[in-house]
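What follows is a set of notes on a single structure, which appears directly below.
Just so it is clear, none of the values below were taken in a lab; they were calculated from the coordinates. Remember, it's a predicted structure, so these values are computed and weren't measured experimentally. Every residue, glycine among them, receives a Cβ derived from its backbone with ideal geometry; neighbour counts consider all protein chains shown.
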Amino acid sequence: MTGVLYFGTSEFAVAALEALAASPSFRVIGVVTQPDKPVGRKGEIRRTPAAEAALRLGLPLHQFATLKDPSTAEAIRSMAPDLFIVAAYGKIIPASVLEIPRLGALNLHGSLLPKYRGASPIQAVILAGERQTGVTLMRMDSQVDHGPVLAAAKTPIADDDTHASLEKKLGAVAAELLIETLPAYVRGELTPKEQRHDDATFTKVLGREDGLVRWTVEDAAAIERKLRAYDPWPGAYAVWLHAEKHLRLKLLKVSAIKKAPADAPVGTVFRLDDGFPAVKAARGAIKLEQIQLEGKKPASGKSFLDGYAGLVGARLEEPSEEKAP
């Protein structure tokens, strides 16, 4: 029976791990995931979704601080893995580790390669307004998401998909693709196909600042996509100068509308006929259905104005204007 060492961290990795653990053809000898980390304002220590799944399935769990330490490579070598399966692990696996398994290392990537290589493919396809995405199973090499492809599967993107919902959907696609493809790969019946590298596009590691709305360059539809792409993290936010303080205003639920005051500068907040606030964008406007001022509880946009009527008429600031909130 083929011994598999599974590398994964996020929710995307969970369904494939569960499917692999349930397969009679493979034996998961361990799960490598990132160390527990503090989350949120309270700094609560939380396991990764893959760690939670490994413990639930009764699988050996390994949370190496780094894979670059020779002792880590030796620890992995001592497990005698036949094969690595990697799914949204979140760290670069060095060549000294990739060369350990006799059957190589396969990666489940959350896009249709060569498009959207890198750390944030699920967010990127939503931001781009794509109607379709998928999962690619590829053999890993020394470059990120660069290796030859074994198989791929497509799935549609719904109009209301967020990062969280699309990640879960793609996780299920990844599980099915892996179980369908892996037996033939192990038997040596598949020939990996080189990617069209000239067509490659790349995504980046996201930071909190990526959620800042840029009113002068982003139209209403793009801002609505940003909110969905960055749900739950890093979220979408605006900056409001209130009482001589720059405050973050988190956008929790919005909708794109076409009409905005012609004479108002971009970024200006105005009130709609239904009492909700809206913000003029580069094209169209964003209705603020639910928002949250930093340090306060979430509120509907309409009820928010009961306590902060001064938001109407304010101009939400641009990145170049923003002071560190």
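Data overview
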quantity	calculated
The chain: DSSP helices with Cα axial extent of at least 20 Å and average Kyte-Doolittle hydropathy no lower than -1.0	163-186
Within region 267-294: backbone nitrogen closer than 15 Å to the residue 258 label point (7 Å, Cα to C-beta)	283-286
Whole-angstrom Cα spans of region 6-160 along principal axes, big to small	45, 43, 32
Förster radius 22 Å - calculated FRET efficiency between residue 65 and residue 200 (Cβ-Cβ, nearest 0.05)	0.10
Gain upon complete extension [residue 282, residue 143; 0.36 nm per residue less C-alpha separation]	46.3 nm
Region 210-311: translational diffusion in µm²/s, Stokes-Einstein, Kirkwood Rh over Cα pairs, 37 °C, 0.692 mPa s	244
25 °C / 0.890 mPa s Stokes-Einstein diffusion coefficient of the chain, Kirkwood radius on C-alpha pairs, µm²/s	114
Per-residue Cβ neighbour rank within 10 angstrom, fewest leading, 246, 197	197, 246
Given charges at beta-carbon only (K, R positive; D, E negative), |dipole| of region 2-199 in Debye	320
Residue 92/residue 184 FRET efficiency (R0 30 Å; Cβ-Cβ; nearest 0.05)	0.60
Cα lying deepest toward the dipole's positive end in the chain, options 71, 291, 310, charges on Cβ	310
The chain: calculated mean residue ellipticity at 222 nm from DSSP helix runs of at least 4, using -39500 (n - 2.57)	-7000 deg cm²/dmol
Burial ordering of 272, 227, 17, 137, fewest other beta-carbon atoms within 10 Å first	272, 227, 137, 17
Centroid-to-centroid separation of region 226-286 and region 120-186 [C-alpha atoms, Å]	32
Hydrodynamic radius (Kirkwood) for region 152-278, which is based on Cα pairs only, to one decimal in Å	18.4
Stretch gain in nm, segment residue 297-residue 193, where the contour uses 0.36 nm per residue and the Cα spacing is subtracted	32.3 nm
Nearby aspartates and glutamates by direct alpha-carbon distance to residue 91 (threshold 19 angstrom, same-chain neighbours under 8 apart not counted)	11, 36, 52, 69, 74, 99, 141, 145, 167
Spatially proximal lysines relative to residue 280 (Cα-Cα < 19 Å; intrachain offsets below 8 disregarded)	226, 250, 253, 258, 259, 302
